[in-house]
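The values are calculated or read from the model by the stated rules, or taken from the named source; none is laboratory data. Note that the structure is a prediction, hence the values are computed from the model and not measured. Neighbour counts are summed over all protein chains in view; Cβ atoms, including those assigned to glycine, are modelled from backbone coordinates with ideal geometry.
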Amino acid sequence: MPQVIPIKDLKNTSGISKMCHVAEEPIYITKNGYYEYRDV
């Protein structure tokens, strides 16, 4: 499942860098917040 993070989390550059290297799926950066639910 792709990761969704708010743009304000980009302040933590080392954490974002680690997340990008470890993640095997896309990381979406949103203006309004986190992913709340998934439609199946």
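Below is a table of values for the structure above.
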item: Any hit, segment 3-13, residues being surrounded by fewer than 10 Cβ atoms within 10 Å (Cβ to Cβ) and either aliphatic (A, V, I, L, M) or modelled with pLDDT of 85 or more (or both); result: yes
item: Residue list for segment 15-38, restricted to those being at pLDDT 85 or above and closer than 9 Å to Val4 by Cα; result: Pro26, Ile27, Tyr28, Ile29, Thr30
item: Inter-residue pairs, beta-carbon under 9 Å, first farther than 15 Å from Lys8 by Cβ and in segment 20-32, second among the hydroxyl-bearing types (Ser, Thr, Tyr), 6+ apart; result: none
